[in-house]
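Reviewing the structure listed below.
FYI, it's all coordinate maths here, none of it is from the lab. Computed from a prediction, not measured in an experiment: that's the story for all the values here. Here the Cβ positions follow ideal geometry from the backbone for every residue, glycine too, while neighbour counts run over all protein chains shown.
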Amino acid sequence: MDTIASLFSFITTPVSWVIVQFHKVYGALFGDDSGWAWGLSIVSLVVLIRICLIPLFVKQIKSTRNMQVLQPKMKAIQERYKNDKQRQSEEMMKLYKETGTNPLSSCLPILAQSPFFFALYHVLSSIASGKKIGAINQDLLDSARQAHIFGAPLAAKFTDSVEKVTSLDASLTDVRIVTAIMIVLMSASQFFTQRQLMTKNVDLTVKTPYMQQQKMLMYIFPVIFAVMGINFPVGVLVYWLTTNVWTMGQQMYVINQNPTPGSKAQDAYLQRVLKSVTSHGEVRGRTRRKMVKAIVAKGSDRNDIERKFITGLGKLGLAAQEDGTVAKSETAAADAEGGQAHKRQQPKRQTKAKRQTTGHATAGAKDTESAAAGSKTSLEKQDAPQDSKPKSAGKPASGSSRQAKSGQRKGPQRPKHPSKK
């Protein structure tokens with residue numbers, strides 16, 4: 001603990017000072033020794049830190065978009081080197097370097113708030129040990145030790161002994177129940193955050209290492225938090241649960257307002273835009289117009305979801321414009337109707353027995369047609385008039401049936417000139 005304190009001493013004092021300032025505000029409302037005053041001070045610290053991390057979150061979103069743009073190239077690399085995993089990884093890293101994309105950018109907010117997390121952990125541990133730290137003097141230390149949240153002291157942990165919990169004026173049962181519930185909520189919120197990212201905001205048509213990384217984090221992070229949570233003080237659990245809920249809400253907002261191209265979230269978003277256009281006859285909102293503008297700029301590179309949206313506008317007699325608005329267009333409506341009319345219908349697949357029955361019936365029909373054709377030919381020969389003149393039994397006419405010799409013309413020969421006899 002002393003080693004950690006020395007590593008994060010540069011931030012321990014600012015964190016403790018911020019908690020004290022928030023405690024002054026909430027202490028005036030709930031009382032200085034109230035668990036709500038100290039708990040809300042920690043929640044406010046989380047909110048302040050996450051607001052400061054918004055630029056990093058924006059960078060994370062941009063990096064995620066770059067990953068989506070690179071997915072066709074990544075798929076081509078996978079297909080080209082599918083039998084050579086090492087070369088495939090080398091080409092992927094080369095592509096990341098050329099485009100300035102970092103596949104680990106999703107971890108930036110967690111890494112950035114890690115120093116604050118360890119600083120808060122050390123502050124709460126010092127409170128549990130009865131030691132002054134940073135801006136927390138003796139009076140504030142005594143007040144924090146008396147603060148309870150649902151019967152559990154801020155500095156108590158799941159693994160604490162009965163003697164230690166008793167020294168904090170609490171029961172071991174209350175501490176373990178409260179900490180267990182908070183650990184479960186913390187892990188569940190982390191899992192849900194990663195799951196909604198994987199199921200709603202990822203282009204599932206392309207399999208990339210980025211997707212494998214996110215899928216791995218979806219299962220690993222909740223387990224890590226659950227294992228580590230039993231050693232976290234209640235105050236740290238409040239901190240981490242709050243930051244997980246913030247991340248979940250922030251991500252839900254981004255998924256609903258700026259979904260990844262080709263994802264289920266984009267399909268749902270464009271359906272909402274289409275419904276709004278149907279009701280109002282225009283694209284409302286700057287964000288929506290920006291999205292439509294980006295789709296128009298793609299041209300033939302649109303994905304299936306975006307083409308479906310453009311077709312839906314055409315059925316309404318509207319066409320998307322370059323500035324993100326829509327305008328009436330008879331051509332768009334005709335193209336949409338024509339594309340729907342010429343849509344290829346796939347024949348239903350027949351069973352083996354039905355195919356055999358159809359084959360036998362076809363063969364029988366062909367045999368019947370052949371027999372009928374033969375009978376008709378025989379009747380025609382019988383009804384044909386016989387030639388009354390008998391054929392001559394003599395030699396055939398010259399040049400009519402004999403083959404001409406090589407170099408001579410067929411048919412009757414022209415008589416030679418008298419002078420050449």
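Would you mind ranking ARG145, ARG286, ARG87 by Cβ crowding within 10 Å, fewest neighbours first?
Numbers: ARG145 19, ARG286 9, ARG87 12.
Listing ARG145, ARG286, ARG87 from fewest to most nearby Cβ atoms yields ARG286, ARG87, ARG145.
Zone of THR99 (label point 7 Å along Cα→Cβ, backbone N under 16 Å): which residues in segment 238-279?
Counting only backbone N, you get 260-263.
Sort TRP17, TRP36, TRP246 so that the residue with the fewest other Cβ atoms within 10 Å of its own Cβ comes first and the one with the most comes last.
Working: TRP17 12, TRP36 16, TRP246 19.
Listed from fewest to most nearby Cβ atoms, that is TRP17, TRP36, TRP246.
Taking H as built 1.01 Å from N, whose amide H comes closer than 5 Å to the amide H of HIS148, not counting residues under 5 places away?
GLY35
What distance in nm separates the two pseudo spin-label positions at LYS132 and LYS82, each 7 Å out from Cα along the beta-carbon direction?
My value for the distance between the label points is 7.0 nm.
Determine, for each peptide in 149-158, 259-268, the mean count of other beta carbons within 10 angstrom over its residues, then list the peptides with the highest first. All intermediate terms of the calculation are to be shown ahead of the outcome.
Numbers: 149-158: 22.6, 259-268: 20.0.
In descending order of packing, they fall as 149-158, 259-268.
Just going by the charge dipole of segment 184-333, with Lys and Arg at +1 and Asp and Glu at -1 on Cβ, which of SER300, THR242, VAL277 is farthest out on the positive end?
VAL277
Rounded to the nearest Å, what's the spacing between the alpha carbon centres of segment 25-44 and segment 113-158? Just the number, please.
13 Å
Label point 7 Å out from SER9 along Cα-to-Cβ: which residues of segment 121-154 have amide N under 17 Å?
Output list for this probe position: 122-123, 126, 131-136.
Most exposed first by the Cβ proxy, i.e. fewest other Cβ within 10 Å, how do ASP84, ASP32 rank? Before the final figure, lay out the partial values.
Values: ASP84 11, ASP32 18.
Fewest-to-most ranking of ASP84, ASP32: ASP84, ASP32.
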